[in-house]
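Let me begin by presenting the structure, written as structure tokens, before commenting on it.
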Amino acid sequence: MISAIIGAQWGDEGKGKITDFLAQKNDYVVRYQGGNNAGHTLYINQKKYVLHLIPSGILNPNARCLIAQGVVINPKVLIEELDYLKSNDIVPTSAQLGISLQAPVITSYHVLLDQMRESKNDKQKIGTTGKGIGPCYEDLTARKALLMKDLLDKNTIQKKLENILLEKNVLFKNLYGSNFVAIEEETENLYQYGQILKPYLCDTLTELNIASKKKQNILFEGAQGVLLDINFGSYPYVTSSSPSLGGIINGTGLAKIPDNVIGIAKAYCTRVGEGPFPTELFDETGKEIQRIGNEFGATTGRIRRCGWLDLPMLKYSCMVSGINQIILTKLDILHHFSEIKVCYKYIYKNQEYSCFNQSMNFSEIEPVYKTFKAPQINNKELSDDAKAYLSYIEEELEIPIKIVAIGPEREDLIMR
Ligand code: IMP
């Protein structure tokens with residue numbers, strides 16, 4: 001069985017918690033895109049873990065975790081994350097963790113470039129996480145990127161850096177007024193990182209295809225969300241990879257459509273960084289959701305913008321990713337309100353739409369809401385109001401909600 005966990009909104013839907021839960025039933029847990037822009041928070045026995053690059057299945061000793069070639073890897077950050085796990089008595093062996101030889105490497109100049117651009121270019125700021133994700137994917141498509149396998153050979157690192165930095169150092173010096181990146185130092189650092197990570201490096205593509213032939217259970221863990229997808233998101237306010245279904249085949253080389261395409265959606269919406277957000281709340285209710293839901297970015301600590309659940313946008317996400325089941329998270333946050341709202345249609349240029357489409361200009365979308373009594377949960381039992389709210393979402397999406405998350409811990413889940 002192949003399953004995929006896909007963020008159906010703007011990221012931060014609680015994918016890490018669900019991956020950790022489903023990892024218990026899977027032989028493989030595989031990250032396929034993004035990088036350490038992701039922040040997956042897990043609570044196990046009241047202990048908090050935050051992962052950025054390593055799949056959230058790592059806290060389950062039986063699943064093998066892979067970082068596939070679609071992920072951009074900052075080797076320094078990956079080593080720090082391994083050290084963080086070790087300091088929490090989790091020591092991933094090379095049998096537990098595999099890293100693609102073919103994955104592009106985020107170097108210090110990618111991070112620098114990302115941060116320089118964001119600080120200089122105020123009007124067109126994307127609000128990136130500043131982790132060098134975009135600049136690294138740019139080098140990949142420019143056919144210049146360093147790959148993880150290159151880190152095993154000093155000469156290759158140096159030659160590739162010389163080739164790339166010929167252009168980049170002109171930018172640093174003349175456009176951003178910053179220092180040159182020193183090639184020798186960067187080469188040495190990257191080589192050392194390669195030596196540390198060498199035991200984990202492997203051909204994840206062949207391994208996954210063999211596992212699939214043997215009918216092993218594979219779980220793909222998406223980072224970010226469909227509405228941040230480079231192809232299908234609110235361009236240009238997107239990330240530089242494909243969190244949606246297409247990103248799985250491209251990012252792993254396993255040319256199979258998963259049996260279970262699980263869309264993770266929060267019971268309300270959040271967004272970090274710049275970009276359109278039709279149901280955003282600018283009032284006290286938005287602040288309350290932010291406070292009660294503890295809506296701070298796990299990677300950057302930024303406050304997440306909050307708003308009501310947006311069904312026309314969620315329908316669009318489900319459509320472009322072939323989502324065939326939903327896991328709804330953070331339902332418990334809504335019971336603090338007396339009533340809640342759900343956007344069920346848009347009015348756009350005097351016409352009604354139940355699903356977002358690409359002809360729409362975000363600034364002219366008018367969300368229309370239905371009001372519900374707040375869903376209550378008592379001892380893992382859903383109130384009638386909660387059931388009515390879930391049924392309504394299922395009917396609108398024409399997709400079943402299989403699990404509802406009602407708290408941060410592994411066991412805070414209601415199966416339906
Ligand atoms: P980048 O991925 O750092 O280039 O940032 C591009 C956009 O994606 C920005 O709006 C970020 O806030 C957003 N973003 C990137 N990663 C995440 C994530 O894991 N959760 C939510 N938003 C993210």
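The values are calculated or read from the model by the stated rules, or taken from the named source; none is laboratory data. This structure is a prediction, so every number in the text was calculated from the model and none was measured. Note: ideal-geometry Cβ built from the backbone for every residue, glycine included; neighbour counts use all protein chains shown. Each accessible area value is taken on the protein alone, full model and side chains, heavy atoms only, with ligands, DNA and RNA left out. Shrake-Rupley method; radii C 1.70, N 1.55, O 1.52, S 1.80 Å.
With every protein chain present, what is the per residue accessible area of segment 9-66 (1.4 Å probe, Å²)? All intermediate terms of the calculation are to be shown ahead of the outcome.
Details: 1650 Å² over 58 residues.
Result: 28 Å² of accessible area for each residue.
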| query | At a Förster distance of 56 Å, what's the computed FRET efficiency of Asn163 paired with Lys373, Cβ-Cβ distance as r, to 0.05? | reply | 0.35
| said: For a 20 Å ceiling on Cα separation, which of these pairs sit above it: Lys123/Lys144; Lys25/Lys213; Lys144/Lys198? | reply: Lys123/Lys144; Lys144/Lys198
| Helix 311-321: angle to the longest alpha-carbon principal axis of the chain, degrees 0 to 90, nearest 10? | 40
| Within the chain, longest stretch free of exposed chymotrypsin sites (Phe, Trp or Tyr not before Pro) [DSSP loop, at most 15 other beta carbons within 10 Å] | 1-175
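What's the carbon and sulfur percent of segment 144-238's accessible surface, probe 1.4 angstrom, rounded to a whole number? Intermediate results must be reported in sequence, preceding the final value.
Numbers: 2550 of 4840 Å².
Answer for segment 144-238 is 53 percent, counting heavy atoms of protein chains only.
Write down the Å³ per residue value for the convex hull defined by the alpha carbon atoms of the chain. It would help to have the intermediate numbers written out before the result.
Numbers: hull volume 57.6 nm³, N = 416.
Per-residue hull volume (Cα only) is 139 Å³.
Just to be sure I understand: of the beta bridges DSSP finds with both ends in the chain, what percent are antiparallel, rounded to 5? Walk me through the numbers before you get to the answer.
On the way: 27 of 61 bridges.
Roughly 45 percent of the beta bridges in the chain run antiparallel, per DSSP.
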| said: What are the ³J(HN,Hα) couplings of segment 49-57, residue after residue, when phi is run through the Karplus curve with 6.51, -1.76, 1.60 and θ = phi - 60°? Round to Hz, x for glycine and proline. | reply: 10, 10, 10, 10, 10, 6, x, 5, x
| request: Just the Kirkwood number for segment 296-364, please: inverse of mean 1/r across all distinct Cα pairs, in Å, one decimal. | output: 14.5
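At a threshold of 8 angstrom on Cα-Cα distance, excluding pairs fewer than six apart, so keeping six or more, what relative contact order does the chain reach in percent? Each step should come with its number before you reach the end.
Numbers: 918 pairs, mean separation 83.8, N = 416.
Across the chain, relative contact order equals 20 percent.
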| Once both labels are modelled 7 Å past Cα along the beta-carbon direction, what's the Lys198-Leu171 spacing in nm? | 3.2
| Added length on full extension, which subtracts the Cα-Cα distance from 0.36 nm per residue, His336 to Ile292 | 15.0 nm
| task | Give me Rg over Rh for segment 299-416, both radii from the alpha carbons and Rh done the Kirkwood way, two decimal places. | result | 0.98
| task | Round to the nearest 10 and give me the degree value, 0 to 90, for the angle of helix 204-213's Cα axis relative to the longest principal axis of the chain. | result | 50
| task | May I ask you to list the trypsin sites (Lys or Arg not before Pro) in segment 9-64 that are in a DSSP loop and have at most 15 other Cβ atoms within 10 Å of their Cβ? | result | Lys25
| Average Cα contact separation per residue, segment 206-293, under 8 Å, 6 or more apart, as relative contact order % | 18
| query | In the neighborhood of Glu184, defined by Cβ-to-Cβ distances under 11 Å, what is the net charge if each Lys or Arg adds +1 and each Asp or Glu adds -1? | reply | -3
| said: Could you check the spin-label model distance between Glu80 and Ser391? Points 7 Å from the Cα along Cα→Cβ, value in nm. | reply: 5.0
| said: If I build a Gaussian network model for the chain, linking alpha-carbon pairs within less than 10 angstrom, which residue out of Thr128, Thr107, Thr371 has the largest mean-square fluctuation? | reply: Thr371
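On the accessible surface of segment 57-121, probed at 1.4 Å, how many percent belong to carbon and sulfur atoms? Before the final figure, lay out each step's value.
Values: 1200 of 2370 Å².
Result for segment 57-121: 51 percent of the exposed heavy-atom area is carbon or sulfur.
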| Calculated [θ] (222 nm, deg cm²/dmol) that DSSP helices of n ≥ 4 give over the chain, each run adding -39,500 (n - 2.57) | -9500 deg cm²/dmol
| field | Pairs of Cα atoms farther than 13 Å apart, segment 340-397, % | value | 65
| query | So who's got an amide H within less than 5 Å of the one on Ala103, skipping anything under 5 residues away but keeping other chains? H placed 1.01 Å off N, in plane. | reply | Met148, Lys149
